[in-house]
1. Suppose the filter is charged (D, E, K, R) and assigned to a helix (DSSP H, G or I); does Asp93 pass it?
2. Using the structure shown, decide if Asp93 is exposed (fewer than 15 other Cβ atoms within 10 Å of the Cβ) and over 11 Å from Ala40 (Cα atoms).
3. Taking Ala85 and the conditions (1) within 13 Å of the chain's Cα centre (by Cα); (2) under 16 Å from Leu106 (Cβ atoms); (3) among the aliphatic types (A, V, I, L, M), which numbered condition does it fall short on, given that it satisfies the others?
4. Which count do you get for residues in segment 68-77 that are under 14 Å from Glu46 (Cα atoms) and open to solvent by 70 Å² or more (accessible area, probe 1.4 Å)?
5. Check off (1) at pLDDT 65 or above; (2) within 14 Å of the chain's Cα centre (by Cα) for Arg55 and give me the number that stays unchecked.
Amino acid sequence: MKRRAIFSALVLTALTAGVAVTSCGGDRNSVSSHVRDRKAYSLGQEHAARIIGMRDDEPALQDALLDVRARMTNINARLGAQAAADYERGFVDYITEKDDSLAKVLF
């Protein structure tokens with residue numbers, strides 16, 4: 001239980017940092033609350049599906065979550081804050097919809 005709590009705190013910190021980095025990329029009004037980049041949103045959903053598939057393998061799950069964070073940073077640098085926000089939305093929405101128990105641990 002303690003191990004899961006530490007893991008949850010680490011993941012939440014990483015994802016929260018992603019939101020902060022995404023919003024600091026320029027004008028805060030430049031990121032819409034609506035999905036604008038459908039490809040980024042779909043990619044986030046695709047990666048979330050992989051995460052759900054490895055939920056019982058904690059080391060693999062940790063690596064995959066770090067990979068998601070790295071992708072968000074890369075998308076932000078290459079395509080902009082809107083695409084990174086849409087990728088994150090797709091990721092979070094998919095996990096929240098498909099595996100609410102994992103979503104409660106992660107978010």
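1. yes
2. no
3. The number of the failed condition is (2).
4. 1
5. Result: Arg55 fails condition (2) only.
The values are calculated or read from the model by the stated rules, or taken from the named source; none is laboratory data. Fair warning: this is a prediction, and the values are worked out from it, not measured in the lab. Counting neighbours? That spans all protein chains shown, and the Cβs are built from the backbone with ideal geometry, glycine included. Heavy atoms of the whole protein, side chains included, go into the accessibility calculation; ligands, DNA and RNA do not. Shrake-Rupley method; radii C 1.70, N 1.55, O 1.52, S 1.80 Å.
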